[in-house]
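Only one structure is covered here, and it is reproduced in the block below.
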Amino acid sequence: MSNGTEQTSDPEVNLSDPKHGRLRLPPAAWNGAAIGVVIAALIVSTTAGASFHSGLGVVIDATLGVLVGIVGVVLFAALTRGLAAIFGKLSRRFLFAVGGAAGTVIALQMLGFRWPEEVYYRSLFTFLFLNAALAGAIWLVATGHAKQLPGKGRAALLSILPIVVGLDIAGVVWLADAGVAVRRHVTSMSPAGATVSALEAPNPAEHGAYDVRTVFYGSGTDKRRPEFGEGVDIVADPVDASALLPEWKGFRARMRKWYWGFGIDEYPLNGRVWLPEGEGPFPLVLVVHGNHSMEEHSDPGYAYLGELLASRGFITVSVDENLTNATWSGDFGGDEQQVRAWILLQHLRVWHEWNAMPEHTFYRKVDVANIGLIGHSRGGEAVAMAAVFNRLPYYPDDASVAFGYDFSIKSVIAIAPTDYRYHRRLTMENVNYLTLHGSYDTDVPSFYGMRQYQRVRFTDDRYWFKAALYIHYANHGQFNTVWGREDASAPRSWFLNLEPLVAGDEQRQIGKVYMAAFLEATLRGKREYIPMFHDPRRIAHWLPETRYRLRFEDSSFRRVADYEEDIDVTTASVPGSVVQADHLDVWREVPLPFRRADNQLNNAVYLGWRASDAGAADSAASYTVVLPENQDGILPSNPLLVFALSATPEVVASVDGEDDTDDTAEPEGPPDLTIELADAFGATASIPLSEFATIQEPFETPLLMKTDGLSRSDYGDIWEPILETYELSVGAFVAVNPRFDPRALRMIRFRLDARSGGVIVLDDVGFRQGP
């Protein structure tokens, strides 16, 4: 040290020697910057490691991340040595560090580090740059080289420290923050002055009269889970599922077998049972999770539901299918869906065997005529598949696998399900179906349960029903206590907007109310709960304050127009019917979209009209279905007029005399409409829809992530058309005009509110049997 400057073999620039190049920084600055950029890269790699979920624990995962980072920095530093000749004015040490750190960050992105791709390079390279500047400045101060800087240089140096530290702190605070509050208004479905009677039934979310005992059954060989291993209560033989998952091979298969101690050919039948204490027999309900990190076991997350249902007299089993879940070595991308469904049927098989075995714990405990399935996420798709597979003689993708189960599965519940993992779209027949979804679901962001809802068919003479519940501000994971508030693992979860979400206990309360009531109605015959599935106002006192949207259809429903019969907009579902439209600016029958590129696989009609100051009858917009003369069987004995409807954010505007749709203008609240019925003798009766219910505004989700850009890039539009079922008693029309004869019904007309204008979506017009 001859002049206070470290002497190295690198062509460093010394501030005391003005003959050197333009970058007149002492070696200490470059040394500090090199250390800073390497530390920043190691922080990123440590975070990536901690998010890896290898099953070895977060400390080991983070340590492995550090080691990978060190190897990456060294490797990529070596690869960048050739650039030193090009950038000779820079410190070679700093150049090597930059190359190593940058290469590591790029490699981590290629390896699937869950940082949003849209901001990955911008944010992390900014992080590297800022911390290089920070560490360089700290190093200059710590080694005393800052004294060599002129006054302005020292001032600039000292300003770097608080600025970069402040930016780092601000970034950490922003990532750790729950997000941005979104307007949480609740629009009542009830118009002013209207009253809706409360449901006269006990709250199904309250614990019942039965004491509950927990029992575990499984292979007895599970080395990761004592409750299914050495501590298991009842041993169940594993099954060979290899024929249903030929993708089980290679590295993914070896790593899973290493972790669990068994493979797909020894798939365990593990279940945690909540058993009502009593003689029985009791209805049996299986609950199955979806895809999650297999090391973070998902099946305990439904204890809240199992304890409730068992206390109300349902044997409830949370099925362990973690073997086929995602892990650090990759997941099966949905190819495992067949296994998820088949394993449920294998569980039902052993339950039927146990139920018939004297001296067994479960002997004659099961009401085998009343079985229900509940599935979440991929499990929600799997339970529908299981209900279909249950009635098939053979596995449709490989007939060497015999099925032939034919269990009495009466009810299926799908929580935030997928409907695209299995390569077939399956139709359930004569099974009750309920699906639930949240508008703030950032794992399955669209209501795919509506696809399966549309494919449920009732073909026999028994009573069945299906319902779909859309819950504003609910997410994907809070239906499972293990999954929780974040629908993604770190670091992606840091970018999710969690602030608008309903609380976890509130979301599970909604699930308990509807799922327990559904099972009471469909497996225990308590039909007093059915009205809550076509009008949530009946049970507002049981539900947290948020917004709800319900679809309902039962086996008495008779379609007039469902827009699936052809592509002719002038025809309806009833043969011989005619559709007419007057003064509409938008009239199209199209598949309903989801918020992203996919669609609901269900057609509906869009109707749009402009506001009119005059409101003259001859210029009012309307949409009419004219029925043929001979249409016996459309109206049941006590008919309700039923249709599904949704407002949209779109309005119809007039620009330079040309009609156009404008989805950016702000409509003045949802529109109203009047329903008019006419008989063959010319008698008519009209009732405004607002006398029964208010059309709700669309459930918009402008910030699923913390910025608008990330939200739109990852999730597309801020809303999707989820329709709501409306029901009007035909008797109410007779009360308006006693001369109107519904037995001679010939016309259903929707007269659209001339005061507001707007665009609505209409579907599934028809009639069902009233109470």
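For the range 95-154, filtered to residues that are β-branched (Val, Ile, Thr) and within 41 Å of the chain's Cα centre (by Cα), the residue that is nearest to VAL44 (Cα to Cα) is VAL105.
Quick one: is PHE403 more than 24 Å from THR214 (Cβ to Cβ), in contact (Cβ under 8 Å) with a residue 24 or more places away in the chain, open to solvent by 10 Å² or more (accessible area, probe 1.4 Å) and not basic (Lys, Arg)? Answer is yes for this residue.
For the range 472-494, the candidate set comprises residues that are buried (at least 24 other Cβ atoms within 10 Å of the Cβ) and in contact with a helix residue (DSSP H, G or I) (Cβ under 6 Å, 6 or more places away or on another chain); within that set, the residue that is farthest from HIS297 (Cα to Cα) is ALA474.
You will find that of PRO628, PRO591, the residue that is closer than 18 Å to ALA644 by Cα, without any contact (Cβ under 8 Å) to a residue 60 or more places away in the chain and surrounded by fewer than 15 Cβ atoms within 10 Å (Cβ to Cβ) is PRO591 and no other. Scanning the range 439-463 for residues that are in contact with a strand residue (DSSP E or B) (Cβ under 6 Å, 6 or more places away or on another chain) and either outside any loop (DSSP other than H, G, I, E, B) or open to solvent by 10 Å² or more (accessible area, probe 1.4 Å) (or both) yields THR442, GLY449, MET450, ARG451, TYR453, GLN454, ARG457, THR459. Take the conditions in a loop (DSSP other than H, G, I, E, B), touching a helix residue (DSSP H, G or I) at 6+ places or on another chain (Cβ under 9 Å) and within 22 Å of ASN291 (Cβ to Cβ) and apply them to ARG508. Does it pass? Answer is no for this residue. Here is the figure for the range 104-131: residues that are open to solvent by 10 Å² or more (accessible area, probe 1.4 Å) and either free of Cβ contacts under 8 Å to residues at least 40 places away in the same chain or over 19 Å from LEU75 (Cβ atoms) (or both) total 19. Checking VAL388, VAL412 one by one, the residue that is touching a residue at least 24 places away in the same chain (Cβ under 8 Å), within 21 Å of VAL319 (Cα to Cα), open to solvent by 20 Å² or more (accessible area, probe 1.4 Å) and not hydroxyl-bearing (Ser, Thr, Tyr) is VAL388 and no other.
Scanning the range 703-741 for residues that are part of a helix (DSSP H, G or I) and without any contact (Cβ under 8 Å) to a residue 40 or more places away in the chain gives ASP708, ARG712, ALA735. The condition of being in a helix (DSSP H, G or I) and aromatic (Phe, Trp, Tyr) holds for only one of TRP483, TRP494, that being TRP494. Cβ-Cβ contacts under 9 Å between residues 6 or more apart (or on different chains), taken from a first residue in the range 41-67 that is more than 13 Å from TRP115 (Cα to Cα) and of a type in the set (Asp, Glu) to a second residue that is in a helix (DSSP H, G or I) and open to solvent by less than 80 Å² (accessible area, probe 1.4 Å), are listed as ASP61/GLY49; ASP61/ALA50. Out of VAL502, VAL513, one residue alone is open to solvent by less than 10 Å² (accessible area, probe 1.4 Å) and over 19 Å from TYR433 (Cα atoms). It is VAL502. Within the range 427-438, the set of residues being of a type outside the set (A, V, I, L, M, F, W, C), surrounded by 22 or more Cβ atoms within 10 Å (Cβ to Cβ) and out of contact with any Pro (no Cβ under 7 Å at 6 or more places or on another chain) comprises ASN432, TYR433, HIS437, GLY438.
Out of all the residues in the range 386-407, is one or more in a loop (DSSP other than H, G, I, E, B) and among the basic types (Lys, Arg)? Yes, some residue in the range 386-407 is in a loop (DSSP other than H, G, I, E, B) and among the basic types (Lys, Arg).
Quick check on ARG558: is it basic (Lys, Arg) and either more than 30 Å from SER713 (Cβ to Cβ) or surrounded by 13 or more Cβ atoms within 10 Å (Cβ to Cβ) (or both)? Here the answer is yes, as ARG558 does meet what is asked. Every listed requirement among (1) under 42 Å from the mean Cα position of the chain (by Cα); (2) aliphatic (A, V, I, L, M); (3) open to solvent by 40 Å² or more (accessible area, probe 1.4 Å) is met by ALA735 save one, (1). Candidates are the residues of the range 76-89 that are open to solvent by less than 40 Å² (accessible area, probe 1.4 Å) and in a loop (DSSP other than H, G, I, E, B); the one that is modelled with the lowest pLDDT is GLY88. Go through the range 338-382 residue by residue and tally those that are aliphatic (A, V, I, L, M), open to solvent by 20 Å² or more (accessible area, probe 1.4 Å) and in contact (Cβ under 8 Å) with a residue 24 or more places away in the chain. Adding up the residues that qualify gives 2.
Scanning the range 162-180 for residues that are over 20 Å from MET705 (Cα atoms), touching a residue at least 12 places away in the same chain (Cβ under 8 Å) and out of contact with any helix residue (DSSP H, G or I) (no Cβ under 9 Å at 6 or more places or on another chain) yields nothing.
Looking at the structure I just gave you, is ALA572 part of a loop (DSSP other than H, G, I, E, B) and within 30 Å of ALA611 (Cβ to Cβ)? Yes; evaluated as a whole, the condition is true for this residue. When you go through ARG537, ARG547 one by one, which is the residue that is open to solvent by 20 Å² or more (accessible area, probe 1.4 Å), farther than 20 Å from VAL456 by Cβ, out of contact with any strand residue (DSSP E or B) (no Cβ under 6 Å at 6 or more places or on another chain) and at pLDDT below 95? Only one candidate qualifies: ARG537.
Scanning the range 6-59 for residues that are at pLDDT below 80, open to solvent by 40 Å² or more (accessible area, probe 1.4 Å) and closer than 30 Å to MET255 by Cα returns PHE52, HIS53, LEU56.
The values are calculated or read from the model by the stated rules, or taken from the named source; none is laboratory data. Fair warning: this is a prediction, and the values are worked out from it, not measured in the lab. Neighbour counts are summed over all protein chains in view; Cβ atoms, including those assigned to glycine, are modelled from backbone coordinates with ideal geometry. For the accessible areas, the whole protein counts, side chains as well, though only heavy atoms, and no ligand, DNA or RNA atoms are used. Shrake-Rupley method; radii C 1.70, N 1.55, O 1.52, S 1.80 Å.
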